[in-house]
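Working notes for the structure below.
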Amino acid sequence: MEEQDDASLVVAYQKSGDLKMLGELYNKYMHLVYGVCFNYFKDEEQSKDAVMQIFEELVSKLRIHQVQNFKSWLHVLTRNHCLMALRKSSRNPTVTMEDNFVENSDFVHLDIDDTKETQLTIMEKCMETLSEEQRRSVDLFYLQEKCYKEVADITGYDMLKVKSYIQNGKRNLKICIEKNSGQ
């Protein structure tokens with residue numbers, strides 16, 4: 001019954017964009033999101049911040065993604081958010097510097113986050129160009145980290161078809177991304 005209730009709230013939110021509905025849905029799982037974040041960050045404040053950032057991501061992502069099971073989709077989204085944050089912080093360790101370190105006050109900083117966001121947007125659009133079978137198989141295999149057998153079990157596709165859908169989907173995705181990134 002809970003999955004059905006979640007599904008109706010997801011559909012209602014996707015149609016209306018009403019943040020109250022999204023808030024109601026998110027509120028049911030906020031404690032779980034916090035738990036996953038705390039498991040990764042081991043820091044209360046960072047985990048609380050992540051819970052809010054994930055809600056902000058949901059506002060746009062839930063409107064463009066087809067979600068069968070909100071709870072498990074939210075778990076994957078949360079895990080990916082945490083992993084990206086940890087990866088980003090390991091690449092960019094915090095270093096304290098004196099205020100006069102940069103002599104040119106007109107120094108321009110490249111906004112790497114915009115580049116990553118653009119790449120993710122291109123990837124999401126390219127995922128939509130794949131056939132239903134390829135998109136489901138690629139999503140389950142790469143984004144939800146399922147093995148071939150699990151993909152076959154979930155989708156009902158034959159194992160050889162799953163391998164073919166993943167291989168062809170990956171190739172088509174790569175071609176589409178390269179074409180849309182200007183490379």
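The values are calculated or read from the model by the stated rules, or taken from the named source; none is laboratory data. Fair warning: this is a prediction, and the values are worked out from it, not measured in the lab. Note that we place each Cβ from the backbone using ideal geometry, even for glycine, and neighbour counts take in every protein chain shown. Accessible surface areas use protein heavy atoms only, side chains included; no ligands, DNA or RNA. Shrake-Rupley method; radii C 1.70, N 1.55, O 1.52, S 1.80 Å.
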Fill in: Subset of the stretch 146-167 [among the small types (G, A, S) and either outside any helix (DSSP H, G or I) or touching a residue at least 40 places away in the same chain (Cβ under 8 Å) (or both)]
G156
Item to complete: Give the stretch 68-79 a look and list any residue that's β-branched (V, I, T) and touching a residue at least 60 places away in the same chain (Cβ under 8 Å), or say none.
Response: V76
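Matching residues to (1) exposed (fewer than 15 other Cβ atoms within 10 Å of the Cβ); (2) touching a helix residue (DSSP H, G or I) at 6+ places or on another chain (Cβ under 8 Å):
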position: L120; (1), (2): yes, no
position: C126; (1), (2): no, yes
position: Q134; (1), (2): no, yes
position: Q144; (1), (2): no, yes
position: K149; (1), (2): yes, yes
position: D153; (1), (2): yes, no
Item to complete: Please name all residue pairs, on different chains or six or more residues apart, with Cβ atoms under 9 Å, provided the first residue is in the stretch 122-145 and is closer than 17 Å to K61 by Cα and in a loop (DSSP other than H, G, I, E, B) and the second residue is open to solvent by 50 Å² or more (accessible area, probe 1.4 Å) and among the small types (G, A, S).
Response: Q144/S72
Worksheet entry | Enumeration of residues in the stretch 155-179 that are open to solvent by 90 Å² or more (accessible area, probe 1.4 Å) and under 20 Å from the mean Cα position of the chain (by Cα) | K170, K174
Worksheet item: Of everything in the stretch 66-113 that's of a type in the set (V, I, T) and open to solvent by less than 90 Å² (accessible area, probe 1.4 Å), which residue is modelled with the lowest pLDDT?
Response: V102
Worksheet item: List pairs: first in the stretch 34-53 and closer than 15 Å to R87 by Cα, second polar (S, T, N, Q) and buried (at least 17 other Cβ atoms within 10 Å of the Cβ), Cβ under 6 Å, 6+ apart or cross-chain?
Response: C37/S47; F41/S47
Worksheet item: Of all residues in the stretch 48-68, which are closer than 21 Å to Q144 by Cβ and charged (D, E, K, R)?
Response: E57, K61, R63
Discussion item. Between a residue in the stretch 168-180 that is under 9 Å from C126 (Cα atoms) and assigned to a helix (DSSP H, G or I) and any residue that is open to solvent by 70 Å² or more (accessible area, probe 1.4 Å) and modelled with pLDDT of 85 or more, which pairs come within a Cβ distance under 6 Å, given they are 6 or more apart or on different chains?
Written reply: C176/T129
